[in-house]
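These notes are about the structure you will find just below.
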Amino acid sequence: MVHDAQNIGTSVTGRAYPPLSSREMAARLSIGTNSAWLIDEDERVIVQCDPLKLQLGTRVGRAERRVVFPDGTLFLTNHHDALEHLVGDSRGSLLHRYERLHPRLMIVLLACLVGTWGVWKYGLPILVSLAVWMTPPTLIASIDKTIMQTIDAIAAEPSRLTDKKKEEVQISFDLIISALGSQAGAHDYKLEFRNMPGMGPNAMALPNGTIVITDDLINIASPDAVAGVIGHEVGHVAERHGLRQFYRSAGGFVLISLLAGDTGPILEDVLLEGILILSLSYSRQHELAADQFGVRLAERAGFDPKGLSEFFDLMVSHHEDQHGNWFSTHPGLKERIEHLDALTHNR
């Protein structure tokens, strides 16, 4: 449909595409009280309709805005302000102003960061506790089994301790587990002896109650010191520190991934390292809490409560304090000794 358009007034220029066609033509859109016209370069009306039947696309940045006529004719223009003035619709302009970089966006960004910190600080611990509570015992037992298989495959050798020495430590272990009372039934506590030269005098606790203790520790420490270390590791299990650390680190990674979208392999590695650093303070808190738990448990089992502090003194005399730097997951040995001394002196 082509009509003469000599007397049509105010308009906005752009490009037009006939229905079901990729043919492009220069055109201008003009809107009156009761009619809207699309006019070509020869001042002929290409299509005409009721202005209320025009379909206006959303304004997105500097991209051309779409106007669709009822018959499917498409009109594109980048004269956004002129089009909005012509059709009497400022919604696109308002949205566009909000999309621009503006000081208010810094406020929004700051609010998002504060909100994220709040979720990390207060929301994530609740979710971690819920995840720990919901973890089935069979899964926790499977974790212990898998970790022990890995340790035996890459880091440990069979213990070289005599049967008598093992029996003495096992008796101490049984006394400590008995001192747990009703708490002992929550996990499958058992003691494993391993020769691990690369680990030195040490012990570790797995989530379901497996306590691994090295030959070096038993060879250099007194029975009270060994009991203190065992009590400390039992504290990690009883308080579920291992599971909490795992879920907190995983939850932090998921939180950042949700905010950042598809992170990619390089950024993913950076995030994983960052989550590890962010969780270090919680590891230190866990260590100090396990120290306190171990001292009280060892005392209830009939051992000297200063045994754990004695072990740390022994470690200071044999090794440099390598756990005092900021990136360590453990507090410094001297810090832990002071903490334990304060506990025993206040009893």
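Name the single residue that is nearest to Lys166 (Cα to Cα) among those in segment 177-208 being in contact with an Asp or Glu (Cβ under 6 Å, 6 or more places away or on another chain) and polar (S, T, N, Q). Ranking the candidates gives Asn195 first. Can you find even one residue in segment 8-15 that is over 19 Å from His80 (Cβ atoms), among the β-branched types (Val, Ile, Thr) and at pLDDT 85 or above? Taking every residue of segment 8-15 in turn, none turns out to be over 19 Å from His80 (Cβ atoms), among the β-branched types (Val, Ile, Thr) and at pLDDT 85 or above.
Yes/no per residue for (1) over 20 Å from Arg240 (Cα atoms); (2) assigned to a loop (DSSP other than H, G, I, E, B); (3) among the hydrophobic types (A, V, I, L, M, F, W, C); (4) not assigned by TED's automatic domain parsing to the domain that holds Arg244:
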{"position": "Lys166", "(1), (2), (3), (4)": "yes, no, no, no"}
{"position": "Val169", "(1), (2), (3), (4)": "yes, no, yes, no"}
{"position": "Phe173", "(1), (2), (3), (4)": "no, no, yes, no"}
{"position": "Ile177", "(1), (2), (3), (4)": "no, no, yes, no"}
{"position": "Ser182", "(1), (2), (3), (4)": "no, no, no, no"}
{"position": "Phe193", "(1), (2), (3), (4)": "yes, no, yes, no"}
{"position": "Gly198", "(1), (2), (3), (4)": "yes, yes, no, no"}
{"position": "Met204", "(1), (2), (3), (4)": "no, no, yes, no"}
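In segment 288-303, the condition of being at pLDDT 90 or above, part of a loop (DSSP other than H, G, I, E, B) and touching a Ser or Thr at 6+ places or on another chain (Cβ under 9 Å) is met by at least one residue.
The rows are residues; the columns are (1) touching a helix residue (DSSP H, G or I) at 6+ places or on another chain (Cβ under 6 Å); (2) at pLDDT below 85.
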| residue | (1), (2) |
| --- | --- |
| Leu110 | no, yes |
| Val119 | no, yes |
| Met148 | no, no |
| Ala155 | no, no |
| Ser159 | yes, no |
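The values are calculated or read from the model by the stated rules, or taken from the named source; none is laboratory data. Just so we're clear, the structure is a prediction, and the values are computed from it rather than from any experiment. Glycine also receives a Cβ, built like all others from the backbone with ideal geometry; neighbour counts cover every protein chain displayed.
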